[in-house]
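Just below is one structure, and these are the notes that go with it.
The values are calculated or read from the model by the stated rules, or taken from the named source; none is laboratory data. Not measured: the values here are computed from a predicted model. In this analysis, Cβ positions are derived from the backbone assuming ideal geometry, glycine residues included, and neighbour counts consider all displayed protein chains. Just so you know, the surface numbers come from the protein's heavy atoms only, side chains and all, with ligands and any DNA or RNA stripped out. Shrake-Rupley method; radii C 1.70, N 1.55, O 1.52, S 1.80 Å.
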Amino acid sequence: MICKYLFLTFILHIDLYDASQMVQVDRPRGVSLTKKVLYDPAKEFTCFDGSQTIQFQFVNDDYCDCNDGSDEPGTSACPNGSFHCTNAGYRPQNIPSSRVNDGICDCCDGTDEWKTPTACANTCMELRRAALEENKKKMEESSKGFALRQEYAKTGQAKKLERQEKVKELQQELAQIQLLEDTLKTEKEAIEIQETAAIDEHKRIAEEKQQKIAHEENLRKGAEAFSEMDVDKDGSLTIPELLSHPELDPDTSDGIFTEEEALTILQAGSVDMAVFMDTVWGAINETFRTNIPPPMEEQETPAEDQIQDGSEQEREADRELLEEPEEEDQDQDEEDEDSDEEYDDEHEYDEDGEYREPPVLRKETDTSNSGEPYDEITQNLVNQANEARSKFQEAQTKKKNLENEVESLNKALELDFGPDEGYQALQFQCFELLTMEYKYKLCPYDKATQSPKNGGSETVLGRWGSWSGPPENIYAKMMYENGITCWNGPARSTEVVIRCGMEHKLLSVDEPSRCAYKYEFATPCACTQVDPNALPRDEL
Ligand SMILES: [Ca+2]
Ligand SMILES: [Ca+2]
Ligand SMILES: [Ca+2]
Ligand SMILES: [Ca+2]
């Protein structure tokens, strides 16, 4: 309604001009109605700049008297003068007085060519009709755009509500999942205490068993070593018998295994098996090397292309014997590491509430420790603990996902979609403009980019910053900042000037100063129902 009213007054305004037909007789030629009072034929004329006062007859006498040209409004006598054409029916105009009577029609009412009144036809009414038509079209467009805007606004407001509702809903869900997570954590921790205890016990038993085996193995080897060294099989190991094992030489620097050295090992002239096991074997079991080749079936099968002689086989066998205890040690180390890891995992959750990458689940059947499978009770506890961990992790993941969803919804809710939420329509959309060289893109609320038309990487000209129009209408411009930095220059930025249009459209792109781009973008979201500035009333 207001819109219609304005339109009517606009027509009336023009009609008024039209009806008056601008009686020009009562003011000097080239003088506007507003300046009429300054030209009083009954008085002397004072130049506008006050420099001179002249008789009124010298006004428009085709001789320039005033420095500012004010005495010759209707002739071309003054170089700096100005001629006013009324252009009744259309917009009044001021032209440089040099264009008066220059043979070219400058004013639509033809008054600038007054010396030859027939030279210029009055085209003001034609222009007026065209302007009115143009105005009407603009108003219709604006009106249609505004109708679209109202649709967008409706959608935008609904979307906002929807997002707000969704956030509420998710927050309730989050509260529930938090409770569930707490419960599952407690359950997990409770079962893990039992699990850890059972696994520790399992390990302890396994270790004991292994130690026992190792001990027995050591005794067996000791006994074997004794009987090997006791060459004459008299049940007594003597110094000469010991000397047949040069690897036992405690000091090889002298190049010989002496009887004295053998004596320091045996601590007696001879020892029986019992004394040997008690006092000697422990000191030499690391260095002792058997001279007896191992039985055939224990020998490592030589590689097909490798033919080994006896001595090499012996060394091979020796190496195996040497490596055996080391391997056991390694197993022991691994076991310790495993248990450390488990301990750490549990503590990652105990220390702080912060979310961390979920630990790798323990194997369903953990036999890596000792090759010894868990007993049924332990295995059951491990299974239960695995399930508890998995449930807890599931809850954690769900919580994390919900949190992410809430975060992105809140981010969207923080965006300024205009006073009526209409600009929501532009979110998640991109608009392109092709120029000779480039493809420019505007993705509102995201970024502005440029990429070579013929393919190539995209240059970010700015990321969504804020609305940046003047205080009276901040929605007149958008600012995209912190784009890719120019070589040796600032970060690229893009200002987007928003206009009312029948559709969302990137109209033009310019780079007014280096690395500072300017887009012109049309959208119904910028159309207003009543916008006096959109009607060029003053111009007519
Ligand atoms: Ca004059
Ligand atoms: Ca002219
Ligand atoms: Ca002997
Ligand atoms: Ca020696």
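Points worth noting:
Residues checked against (1) within 16 Å of ligand 3 (Cβ to nearest atom); (2) in contact with a Lys or Arg (Cβ under 6 Å, 6 or more places away or on another chain); (3) farther than 30 Å from CYS527 by Cα; (4) of a type in the set (A, V, I, L, M, F, W, C):
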site	(1), (2), (3), (4)
LEU38	no, no, yes, yes
CYS64	no, no, yes, yes
ASN67	no, no, yes, no
ALA77	no, no, yes, yes
SER97	no, no, yes, no
GLU140	no, no, no, no
GLU151	no, no, no, no
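- Complete set of residues in the range 127-158 that are under 30 Å from LEU402 (Cα atoms), among the charged types (D, E, K, R) and crowded, with 18+ Cβ neighbours inside 10 Å: none
- Options ASP254, ASP230; residue that is touching a Ser or Thr at 6+ places or on another chain (Cβ under 8 Å) and within 18 Å of THR287 (Cα to Cα): ASP230
- Listed by first and then second residue, the pairs linking a residue in the range 255-270 that is under 17 Å from ASP232 (Cβ atoms) and within 7 Å of ligand 4 (Cβ to nearest atom) to a residue that is modelled with pLDDT of 95 or more and open to solvent by less than 90 Å² (accessible area, probe 1.4 Å), with Cβ atoms under 9 Å apart and 6 or more places separating them unless they lie on different chains, form an empty list.
- From the list THR183, THR238, the one residue that fits, being of a type in the set (Val, Ile, Thr) and more than 18 Å from VAL275 (Cα to Cα), is THR183.
- Looking at ASN94, ASN101, ASN67, ASN80, just one residue is in contact with a His (Cβ under 6 Å, 6 or more places away or on another chain) and either away from ligand 1 (no atom under 14 Å from the Cβ) or in contact (Cβ under 8 Å) with a residue 12 or more places away in the chain (or both), and that residue is ASN94.
- If the condition is being open to solvent by 50 Å² or more (accessible area, probe 1.4 Å) and either within 60 Å of the chain's Cα centre (by Cα) or within 22 Å of SER270 (Cα to Cα) (or both), then the range 228-254 contributes VAL231, ASP232, LYS233, ASP234, PRO240, SER244, PRO246, GLU247, PRO250, ASP251.
- Lone unmet requirement of (1) surrounded by fewer than 11 Cβ atoms within 10 Å (Cβ to Cβ); (2) not in a helix (DSSP H, G or I) for PRO293: (1)
- For the range 159-199, filtering for residues that are among the small types (Gly, Ala, Ser) and open to solvent by 90 Å² or more (accessible area, probe 1.4 Å) leaves 0.
- Single residue of the range 31-59 satisfying the filter (open to solvent by less than 60 Å² (accessible area, probe 1.4 Å) and within 19 Å of PRO92 (Cβ to Cβ)) that is farthest from ligand 4 (Cβ to nearest atom): TYR39
- Qualifying residue in the range 207-217 (condition: open to solvent by less than 70 Å² (accessible area, probe 1.4 Å) and within 16 Å of ligand 3 (Cβ to nearest atom)): no
- Lone qualifier among LEU402, LEU409 - being assigned to a helix (DSSP H, G or I), open to solvent by 20 Å² or more (accessible area, probe 1.4 Å) and touching a helix residue (DSSP H, G or I) at 6+ places or on another chain (Cβ under 6 Å): LEU409
- GLN450 being over 30 Å from GLN178 (Cα atoms) and in a helix (DSSP H, G or I): no
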